[in-house]
Amino acid sequence: MRVLVTGGAGYIGAVLCDHLIAAGHQPVVLDRFFWGRKPLEHLQVETIATDLREAREEWLDGIDAVMHLGGLSNDPTAEYNTGANWQMNAIATERLVALCKRRGIKRFTFASSASLYDTESSANEVERTPAMCDETTALAPRGAYSLSKAYAETAILAAADETFAPVIFRQGTVYGWSPRMRFDLVVNTFIKDAMLNRRLLLHGGGWMWRPLVDVNDCARVHVMALEAPLEKIGGQIFNVLEENYQIRQLAMLVAGSFAIQDARIELVEAALPKLVRNYRTSGAKLSKTLGFTPSVTVLESIENMIGKLPPAEELAHPRYYNVRWMTLLEEVHGSQRGFDAIY
Ligand SMILES: NC(=O)c1ccc[n+]([C@@H]2O[C@H](COP(=O)([O-])OP(=O)(O)OC[C@H]3O[C@@H](n4cnc5c(N)ncnc54)[C@H](O)[C@@H]3O)[C@@H](O)[C@H]2O)c1
């Protein structure tokens, strides 16, 4: 199939393109290339360099399915420019769905987030284990990012009918190596901090829970949805995770992997951050419906990343940290083109 992958040059998107090609599909990447084209340079893929907010029907010429990953992808970038976040993550998704329906494109996957399960009350009780959330759990999301994802989900599901069979993946926090690396995701951050500072900070003691998933497994579920019977998955939401972990546990796994190589990593307690997220999710529905079993554990992924990462001095480059990079882009271009030209 010819598959339009929005955000295809991003952390998950670049890995997803690999998986699509390996499965015999043809990805077409739609991206405004915030992080450039390098993540795709090892692949032969068609690209459409544009902003999702443009919403053009011709993007869908010759397209059989859409995988929608593009947009601002974490809390700090969403809070940095809440207006742009809303336009990109909420409104642009609604418009893309309308275009797909007009063109009769039935298969559509959406990269949503498990952070929708996070609530004020679970965050206030970081020392208590939060309840396990499944796809029927009532949501009370908070923060610009989660609110925009919740709006997008609602718009997608409202459009589902016999002509449009979307699948929503509530992805846990992703870890693992990608040609477009991010070091602002918890496991990846710990590895970077271990390499650069030999020290890992446990905010609020690191007792908070989070579902996690390897970037390859995350890509795999989108590809599985291309091939699964539509009557099984159309209009459905699935949690995507390998396992739920406490942040403290992840720090110990990273420190242990370094200890095996004779590097001593210190674990240090630090103050709670402003936005504390604390939630657990169940992957039972995905496993039952699509037969998904995760193939890469956190531990395996940590070992793999340690072997692959760039040298320590390169790790501090702002391009690996979404909000730091966005801030720089704005400084470089903002004065001539206006803030929204960057976002
Ligand atoms: N990485 C995670 O842990 C995680 C967890 C849950 C959900 N998600 C979701 O998965 C998706 C992919 O995440 P990622 O980690 O690969 O993020 P990323 O930031 O690495 O990639 C996002 C891509 O989208 C592109 N993009 C952003 N705004 C755009 C716009 N307006 N028009 C066109 N292109 C645009 C960027 O250039 C980038 O290539 C996102 O929707 C994110 O919200 C990610």
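A few remarks follow.
- Shape call, segment 47-90: gyration tensor on alpha carbons, a/c limit 1.5: prolate
- Listed residues Thr136, Thr47, Thr82, most fluctuating in the chain (Gaussian network, C-alpha, under 10 Å): Thr136
- For the residue pairs Lys38/Lys308; Lys38/Lys192; Lys38/Lys288; Lys106/Lys285; Lys149/Lys308, the alpha carbons lie more than 26 Å apart in Lys38/Lys288; Lys149/Lys308.
- Degrees, to the nearest 10: 186-197 long Cα axis against longest axis of the chain: 40 degrees
- Rounded to 0.05, the FRET efficiency of the Arg103 and Glu266 pair, given R0 = 41 Å and the Cβ-Cβ distance, is 0.15.
- Taken along the Cα-to-beta-carbon direction at a fixed 7 Å, the label points for Ala22 and His317 span 2.5 nm.
- Considering only Cα atoms, the convex hull volume of segment 198-239 works out to 88 Å³ per residue.
- Taking only the C-alpha atoms of segment 242-336, the Rg (one decimal) and the largest Cα-Cα distance, Dmax (whole number), read 18.2, 53 Å.
- Simple Cβ-charge dipole of the chain, Lys/Arg +1 and Asp/Glu -1, about Cα centre, in debye nearest 20: 100 debye
- Counting only the Cα atoms, segment 170-305 fills a convex hull of 112 Å³ per residue.
- Averaging 1/r over each pair of different alpha-carbon atoms in the chain and inverting the result gives 20.4 Å, the Kirkwood hydrodynamic radius.
- Cα-based helix-to-principal-axis angle, 322-337 vs the chain, degrees rounded to 10: 60 degrees
- For the chain, the longest principal axis of the Cα atoms and the long axis of helix 215-227 meet at an angle of about 20 degrees.
- Result for the chain in a Gaussian network model with C-alpha springs under 10 Å: among Asn85, Asn216, Asn197, the largest mean-square fluctuation is at Asn197.
- Per-residue ellipticity at 222 nm, computed for the chain from helices alone with -39500 (n - 2.57) per DSSP H run of at least four residues, works out to -11500 deg cm²/dmol.
- Among Cys133, Cys218, the order by Cβ neighbours within 10 angstrom, fewest to most, reads Cys133, Cys218.
- For the chain: relative contact order, % (alpha-carbon pairs under 8 angstrom, 6 or more apart): 19 percent
- Of the GluC sites (Glu not before Pro) found in segment 155-233, those in coil by DSSP whose Cβ has at most 15 other Cβ atoms within 10 Å are Glu162.
- Under a Gaussian network description of the chain, with springs only between Cα atoms under 10 Å, the residue in Thr137, Thr293, Thr189 that fluctuates furthest is Thr137.
- Charged side chains reduced to their Cβ positions (Lys and Arg at +1, Asp and Glu at -1) give segment 211-322 a dipole of some 480 debye around its Cα centre.
None of the figures in this text is laboratory data; all of them are computed from the coordinates on show. Since this is a predicted model, take the numbers as computed values, not measurements. Note: ideal-geometry Cβ built from the backbone for every residue, glycine included; neighbour counts use all protein chains shown.
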